[in-house]
Structure formats: C-alpha cells, structure tokens
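Written out below as structure tokens is the structure these notes cover.
The values are calculated or read from the model by the stated rules, or taken from the named source; none is laboratory data. Keep in mind the model is a prediction, meaning the values are calculated, not measured. Cβ coordinates were reconstructed from backbone atoms using ideal geometry, including for glycine residues, and neighbour counts include every protein chain displayed.
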Amino acid sequence: MDNAGGSPPLFGVIEAVHDYMRFRQVNLGASYALSADATSRVAAGAAAMAQLVGCDAEEVVLGPSSTLLVRLLALALRFEPGDEIVVTNLDHESNIAPWRELAEKGVVVREWRFDPATGDLTLNALERVLTARTKLVCFPHVSNLFGTVHDAAAFVRRIHEAGALACVDGVAFAPHRRVDVRAIGADFYFLSLYKLSGPHEGLLYARRDRLRATRSLAFAFLGDDLGPYRLQPGNVNHELTASLPALLEYYVALGKHHGGDAFEVIEAHEALLAQPILDFLSARKGVRLLGRTRMGADRVPTISFTVEGRRSQEIVRALDAHRIGTRFGNFYSYRTVEALGLDPQDGVVRISLFHANTPAEVTRLLGTLDETI
C-alpha cells in the first residue's frame, strides 16, 4: 500500500527489458539491421506513451525521473530578470525547487498557497499572485498527501488568460485517472511511469510550440531541429523506453477485459477499496485525516493521516510488523507538512492504494489499524 512511491512492474515490461538487453543492446541510428530494429523499438516506446497521455510522439520527453525532467525544463526555458514564476507550497519539491533556484538569475518567485483547512488550491488564491509579469505557473494536479484532484483545466485557462505558461505535476494523478494533456491544456505536464507499473522513467509532455521555443540542451553542432532530443541530452534509456509499448498494451487490455475505459474501471475499483479506510479514519477519535472523506471524481486513494499523541513512524512500523507496507514522512512535500504544523521529518502516515490492491488486503489493514491506533 505504497503505490505513491512506485508500483511493481508489469511482467510484459520486465520481459521487454530483458529481450532488448539480451538481443538488441546496440547503438541507435546506424544503418545495419539490428540498429535499425533497436531504433524502431525505442521510437515505439515514445509513440506508445504519446497515445497513453493524448499527444504526439514529438511532444513526449522521456528521462530517468520526473524530478530530473523538471530540472532540465527549468534550465531550458528562457526567462529574463524581473520575470515572475508562481509555485505552490502544496507540490512535491521537484516542481518547486528548480523554479525557486531561478531567483539567482533575477527571476521573481511567488507562492500560491493552499488552504490548510481543506488542502485545496483555489482560483482566488491564484488571483492574488498573478501579475502582468507572470511567465509560468507550476502546480500539482493532485497533492501526494491530500489526494485531492484539482480542476487543472480551469487553472490552466486562467493562467493562459494571464499570458503565462502552465507546468502541471501529474505524478499523483496518473496512476488513478486517464491523463489527457490536450483536454487539460497544459503547456507542460509530467508524470512517473513506474507509478503506473512501468519502468523507472519519467515522462514530460511539452506542447510542440513550447518545446520548440526552449533552449536546446543537446550539443550545439546537432542544430536546433531536434524535437524531444533537445531536452534529452545523452538520449533516453534504450531498454526501458523499448519496454513502454507493453505498458500501453496492459491498460488497453485492462479496459477491453472489463468492457470499458481502463481508467474508469480503475477509478470505480479504487473507490471501493479506499472508502472503508476513509470511513474508519474519519470515525476514529484523535485521528486527523487529510483531504476529502468521500471517494469521488475529486479524490484518489492516496490517504494521509496523523494520530494525536502518536508519532507517524511508530504507526507505520507497527504495520510493517504485520507485513503491510505503508510509509511515513513528508514525501518531498516538505512545505506542505510544514504549513500544516507537523514535524517535517515524521510527517504523516500515508496509505496509497493501486488498482492491484484487493478488498481482502483492505480488511487486513483495517484490522491491524484497529489494534494499533
């Protein structure tokens, strides 16, 4: 129950990595047949992810992690002294720190603060930090502590009206809902494929014109007409990228098996899993539950809580003893935990479910929590 930290890889992904490394681990871009085959398989990985998130392959940037991709994006975007960037105090630090560091170059950083009573980002609070000099606004689609789904499309519309770009953190959203970057309208949107049971890679969607306007991080002699390669110095990891069609195939097959859209099936199943946990925690004396108490379109099954008079790590270690994997801490949302008045290191207990979890596992968890807290 630690999906928000990563999910076990699919068998098809493992097999594809093995196949590539055993039979096709050669340099890309050469004229001989094996290289051509390897090149085609790596390209197919990017194309599969474009289909998964609803864009073109030329808009998919892949890399070792979401954290690194955002840092590369921050290096590549062009800002002038006095330009303003808005970040939140709700996001994972990967969508905060690289932007805050641009203050060293004269960029002004403003903070869009969440409502500590609800955990929500609001348009009213956004209005207070937007100015005529705002060039970029960065925010999470879902907080990895509260599990609340924000209306990212509405936020993006307002950001664009202000003449700024939007960079959306979709890491906590993507395992639980279908990502449609065109519907959201974001200029940049990133997620972690290993949290969808893929390989350990990050994905950054960069709208074609926005990508073209970045400063290329590739070698200068390669020119400027590089597509995603401009943000992939040294290229992608070949074997992991070649495994990505297996990830797409899984979600397509899951939907077909259940006679619908895979992510609608996932949403319904996860609601059935998570609601008993929310009910239990809501009714428990001394428990502070973060986020919505009911599952629905505006909540994913990432559940964080604290217990009055108890350390979060104490509760997690008790669950460890029963072979129930959860986690405690700030989960790199250090500023969020700090704003809530909690110990930034001990933080919260976080139970994060995935569609592979079962009702029987939830029953085991609740029985153990009943004894523990």
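Considering each of Leu278, Leu240, Leu254 in turn, give the residue that is under 27 Å from Val13 (Cβ atoms), part of a helix (DSSP H, G or I), not assigned by TED's automatic domain parsing to the domain that holds Leu165 and not polar (S, T, N, Q).
Numbers: Leu278 fails: under 27 Å from Val13 (Cβ atoms); Leu240 fails: not assigned by TED's automatic domain parsing to the domain that holds Leu165.
Result of the check over Leu278, Leu240, Leu254: Leu254.
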Q) What are the residue pairs meeting all of these: first residue in the stretch 207-220, first residue free of Cβ contacts under 8 Å to residues at least 60 places away in the same chain and closer than 14 Å to Leu136 by Cα, second residue among the hydrophobic types (A, V, I, L, M, F, W, C) and surrounded by 18 or more Cβ atoms within 10 Å (Cβ to Cβ), Cβ atoms under 9 Å, and 6 or more apart or on different chains? A) Arg210/Leu77; Arg210/Leu165; Arg210/Phe188
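Among Asp298, Asp261, which is surrounded by fewer than 18 Cβ atoms within 10 Å (Cβ to Cβ), under 22 Å from Thr148 (Cα atoms), acidic (Asp, Glu) and in contact with a strand residue (DSSP E or B) (Cβ under 9 Å, 6 or more places away or on another chain)? Give the steps one after another, and end with the answer.
Numbers: Asp261 fails: in contact with a strand residue (DSSP E or B) (Cβ under 9 Å, 6 or more places away or on another chain).
One residue alone meets the criteria, Asp298.
Name the single residue, out of those in the stretch 326-373 being of a type in the set (Ser, Thr, Tyr) and either in contact with a strand residue (DSSP E or B) (Cβ under 6 Å, 6 or more places away or on another chain) or in a loop (DSSP other than H, G, I, E, B) (or both), that is farthest from Arg311 (Cα to Cα).
Step one: list which residues in the stretch 326-373 are of a type in the set (Ser, Thr, Tyr), which gives 326, 332-334, 336, 352, 358, 363, 368, 372.
Subset that is either in contact with a strand residue (DSSP E or B) (Cβ under 6 Å, 6 or more places away or on another chain) or in a loop (DSSP other than H, G, I, E, B) (or both): 326, 332-333, 352, 358.
On the way: Thr326: 14, Tyr332: 18, Ser333: 18, Ser352: 19, Thr358: 28 Å.
Selected residue: Thr358.
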Q. With (1) in contact (Cβ under 8 Å) with a residue 60 or more places away in the chain; (2) more than 17 Å from Pro175 (Cα to Cα); (3) assigned to a helix (DSSP H, G or I) as the list, and Pro233 as the residue in question, which single condition is left unmet?
A. (3)
(Q) Residue pairs, Cβ under 6 Å, 6 or more apart or interchain, first in the stretch 246-257 and farther than 11 Å from Leu196 by Cβ, second of a type in the set (Phe, Trp, Tyr). List them. (A) none
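Does Leu217 count as under 30 Å from Gln25 (Cα atoms) and assigned to a loop (DSSP other than H, G, I, E, B)? Show your work before the answer.
Details: under 30 Å from Gln25 (Cα atoms): yes; assigned to a loop (DSSP other than H, G, I, E, B): yes.
Yes: the conditions hold for Leu217.
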Q. Quick one: in the stretch 96-111, which of the residues that are outside any helix (DSSP H, G or I) and of a type in the set (A, V, I, L, M) is surrounded by the most Cβ atoms within 10 Å (Cβ to Cβ)?
A. Ile96
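Name the one entry in Tyr229, Tyr189, Tyr250 that is in contact with a His (Cβ under 9 Å, 6 or more places away or on another chain) and among the aromatic types (Phe, Trp, Tyr).
Details: Tyr229 fails: in contact with a His (Cβ under 9 Å, 6 or more places away or on another chain); Tyr250 fails: in contact with a His (Cβ under 9 Å, 6 or more places away or on another chain).
Matching residue, one of Tyr229, Tyr189, Tyr250: Tyr189.
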Q: Kindly indicate whether any position in the stretch 310-323 is without any contact (Cβ under 8 Å) to a residue 60 or more places away in the chain and within 21 Å of the chain's Cα centre (by Cα).
A: no
Q: Residues being among the basic types (Lys, Arg) and buried (at least 23 other Cβ atoms within 10 Å of the Cβ): count how many of those fall in the stretch 133-155.
A: 0
Q | Within the stretch 113-136, considering residues that are among the β-branched types (Val, Ile, Thr) and assigned to a loop (DSSP other than H, G, I, E, B), the one farthest from Tyr334 (Cα to Cα) | A | Thr131
Q.
Suppose we keep only residues that are touching a strand residue (DSSP E or B) at 6+ places or on another chain (Cβ under 6 Å) and either under 19 Å from Phe354 (Cβ atoms) or among the aliphatic types (A, V, I, L, M) (or both) within the stretch 301-325. Which one would you say is surrounded by the fewest Cβ atoms within 10 Å (Cβ to Cβ)?
A. Gly325
Q) Does Ala172 qualify as being surrounded by 24 or more Cβ atoms within 10 Å (Cβ to Cβ) and in a loop (DSSP other than H, G, I, E, B)? A) yes
Q: Name the residue, out of Phe155, Phe139, Phe146, that is aromatic (Phe, Trp, Tyr) and touching a residue at least 60 places away in the same chain (Cβ under 8 Å).
A: Phe146
